[in-house]
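What follows is a set of notes on a single structure, which appears directly below.
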Amino acid sequence: MGTIEDAIEAIQSLDPGEKFSYRKIAATYGVDRTTLSRRHKRVQAPNEAKNINQ
C-alpha cells in the first residue's frame with residue numbers, strides 16, 4: 001500500500017496533457033480518491049501543514 005505522496009508523484013510523472021483516472025491511481029496506491037484529487041489540485045493541505053498553521 002502506498003501513500004498519498006506516492007500517488008501524487010505518479011500523477012506528476014505523467015506527460016503534460018496525458019489523461020489519467022484519479023480512481024485508478026487511488027486504487028493502485030490504496031488511498032482515498034477524493035483526498036488524492038484534492039491534494040493534487042492543492043485544495044486540501046496535509047494534516048501536518050494544518051497543524052503548523054494553527
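The distance between label points at VAL43 and LEU14 comes to 1.6 nm (points 7 Å beyond Cα on the Cα→Cβ vector). A full extension of the chain between THR28 and GLU5 corresponds to an added length of 7.0 nm, given 0.36 nm per residue minus the alpha carbon distance.
Throughout, read-outs are computed from the coordinates displayed, never taken from laboratory work. Since this is a predicted model, take the numbers as computed values, not measurements. Positions of Cβ are backbone-derived with ideal geometry, glycine not excepted, and every protein chain shown enters the neighbour counts.
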